[in-house]
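Reviewing the structure listed below.
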Amino acid sequence: MTEPAERQKLVDFRGGGFVPRSNRWIGLLIFVAILIAVEIGTRTGFITSLTLPIPSDVFATFVELWRSGLLWKHLVPSITRLIVGALFGVSIGITVGILIGLFSIVRAGLAPVIAAIFPIPKIALLPLFVIWFGIDEGSKYALIAFGTFTPTVVATYGAVDNVDRSLIRMGQSFSLTWLSIVRKIVLPGAMPGILSGLRISLAIAIILLVAAEMLGAEYGIGAYILEAGSLYDLERLFVGVAILSILGVTVSAAINWVESRLLNWRV
Amino acid sequence: MDLQLKNIGHQYGDLDVVRGIDLDIPRGKIICIVGPSGCGKSTLLRLIGGLERPIEGQVLQVGTPPADSINPLTFVFQDFALLPWRTVEGNISLVLEDHGLSGKEMEAVISDVLARTNLSDFRKALPKQLSGGMKQRVAIARALAVRPAVMLMDEPLSALDSQTRELLIDDLVTLWTREPFTAVYVTHNLNEAVRLGHSIVVLSRRPGEIREIVNIELPLADRTLGNHQLEEHQKRLWQIMREEALAADQELIDD
Ligand SMILES: Nc1ncnc2c1ncn2[C@@H]1O[C@H](COP(=O)(O)OP(=O)(O)O)[C@@H](O)[C@H]1O
Ligand SMILES: [Mg+2]
């Protein structure tokens, strides 16, 4: 007597999923698909020319802008403002943030001040900055510097607070000097937090850059967009917007690159 | 250099953590401190190592540390405390950098301690690439690099699985046999205590007081796994500790 063979069946698979996988092609594909859809829509008249410009016309306008050399005339001052302003704001912000993180007295004195100026829309202060620093580049640098300063400070001292205390204790137990502990343990330990703060600060910097240039600049992406907008020149408006978003993507890619170099120790 | 604890007592606010600890830590011996969790073992070690000041009593250094000792009282932590952004050799050079050693001297020290802990092949590895046992070996190498007069080890093997723990016990025994070092070794694992301790100090539950000191004469190198004499010691230690552990376990935590 043999037992009747039991039925065999594969165990159902129910794991998988919930793991973000990088697949950059899909993003690009969707982007191209939208462009093509808009192109067809505008050409057939399904989308009126008052709503959106024809993408290929926008591209032609961009090429024209490039050919005429005006692109650099607008881009160079914008990028200069961005770099100078952000450099001031970020470096002062990191310094102040570290001081707040390290010294209770500085924290007691400055943290409330920072909390008070953080929510002020910095753009509201532009007229004041114009009086203080002049209508030219000074006020624009100041605006961007001030706008990047506050988020950098907050991110930095938060990052210093989050440095693993047991590592600091270890440093003390080996009689490292105070300066060594700050330089070799606190700073690298705070780096991830500082860099993610930088991401936010630089996005804010681009927004403020455009705002400042709209309020008074001859050249610059902001000025270019403002002019196109007031003439209702949709092609040029979209060229300006596209340049901004390329600028944003470039900045973000630069931070990614820095992170991959500096933070390769992260698990 | 020996260490002497004189009537050490310590509190955190209302919480009495350790009380009336008198203890000698003689040169070249490993003193194990065992006790139920929360009885103040880590606190006692921090007091010995000068990371905290005792509220009562004193920790005394008797004699001067050897002239070549860079950091006389050196900790090995349970969680390894390696800098994740530095390689194995970087973690070791970290503790040498502030002491005016030339590049060549530093290099010699690093090669020496890496060889002694069998880590020479892992010099350039980052901590994230290492297993727990390897990380603790790096931490031990780092401690050896500063030529401590006394090593203060706070449950150094507690974060490791039992096989890795066996391997590291063997490593420590080999290290000690080749070149005896002085250590205060805190653990809650009685087997580790009888394998490594020349004397074993049993603390009561909180507030930690010395219940008993057990001396084991058997040389470290002969303390093999399953040795009869050691099992007797371990059994006896467990009898002393059992009640304390039980009572400590049933205490309400109110903080
Ligand atoms: N810095 C501190 N502040 C307040 N209480 C502490 C501090 N460190 C330890 N304790 C308390 O002291 C007691 C003993 O802690 P600890 O020395 O870490 O015990 P063990 O290492 O023996 O498990 C615990 O109840 C713990 O909560
Ligand atoms: Mg402990």
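Every number in this text was worked out from the coordinates using simple rules, so none of it is lab data. This structure is a prediction, so every number in the text was calculated from the model and none was measured. Virtual Cβ from ideal backbone geometry, glycine too; neighbours counted across all protein chains shown.
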**Report entry** Dipole-positive endmost among A:P119, A:F129, B:M134 within the protein assembly as shown (Cβ charges, Cα centre)
**Finding:** A:F129
Requested in this report: Would you work out the charge dipole size for chain B about its Cα centre, treating the Cβ of every Lys and Arg as +1 and the Cβ of every Asp and Glu as -1, and quote it to the nearest 20 debye?
Outcome: 540 debye
Query raised in the report: Hey, fewest Cβ within 10 Å first, where do A:T42, B:T74, B:T64, A:T150 land in order?
Result: B:T64, A:T42, A:T150, B:T74
Query - Between the range B:74-92 and the range A:1-49, the alpha-carbon center distance in angstrom - result: 45 Å
**Report entry** Amide H within-cut-off set for B:V18, under 5 Å, with H built and near neighbours excluded
**Finding:** B:H10, B:G208
Query - Coil-residue GluC sites (Glu not before Pro) of the range A:199-267, DSSP, other Cβ within 10 Å capped at 15 - result: A:E218
Query - With at most 11 neighbouring Cβ atoms within 10 Å, loop chymotrypsin sites (Phe, Trp or Tyr not before Pro) (DSSP) excluded, longest segment of chain A - result: A:47-231
Query raised in the report: Farthest toward the dipole's positive end in the range A:1-99, which of A:N23, A:I98, A:I40, given Cβ charges of +1 (Lys, Arg) and -1 (Asp, Glu) about the Cα centre?
Result: A:I98
Query raised in the report: Which trypsin sites (Lys or Arg not before Pro) from the range A:190-267 combine a DSSP loop assignment with at most 13 other Cβ atoms within 10 Å?
Result: A:R266
Query - Rounded to 10°, Cα long-axis angle of helix B:162-178 versus longest principal axis of chain B - result: 70 degrees
Query raised in the report: Of the lysine pairs in the protein assembly as shown, how many meet both conditions: Cα atoms under 20 Å apart, and a spacing of 8 or more in sequence or different chains?
Result: 10
Report summary line: Bridge orientation stat for chain B from DSSP, antiparallel percent rounded to 5, came to 50 percent
Query - Cβ neighbours within 10 Å from other chains - mean over B:138-147 - result: 1
Query - DSSP H segments from chain A that extend 24 Å or more along their own axis, Cα-based, with Kyte-Doolittle mean of 1.6 or above - result: A:70-102, A:187-214
Query raised in the report: In debye, nearest 20: dipole of the range B:184-255 around its Cα centre with unit charges on the Cβ of K, R (+) and D, E (-)?
Result: 240 debye
Query raised in the report: Can you give the net charge of the other residues whose Cβ lies under 12 Å from the Cβ of B:I30, counting K and R as +1 and D and E as -1?
Result: +3
Report summary line: Exposure-ranked with fewest Cβ neighbours within 10 Å first, B:D121, A:D57 stand as B:D121, A:D57
Query raised in the report: Using the count of nearby Cβ atoms within 10 Å as a rough guide to exposure, how do A:V267, B:V109 rank from fewest to most?
Result: A:V267, B:V109
Query raised in the report: Evaluated at 4 °C with a viscosity of 1.567 mPa s, what Stokes-Einstein diffusion coefficient in µm²/s does the range B:100-255 have when Rh comes from the Kirkwood expression over alpha-carbon pairs?
Result: 74 µm²/s
Query raised in the report: Using unit Cβ charges (K, R positive; D, E negative) and no other charged atoms, how large, in debye to the nearest 20, is the dipole of the protein assembly as shown about its Cα centre?
Result: 900 debye
Query raised in the report: In whole Å, what is the distance between the alpha-carbon centres of the range A:218-247 and the range B:170-235?
Result: 76 Å
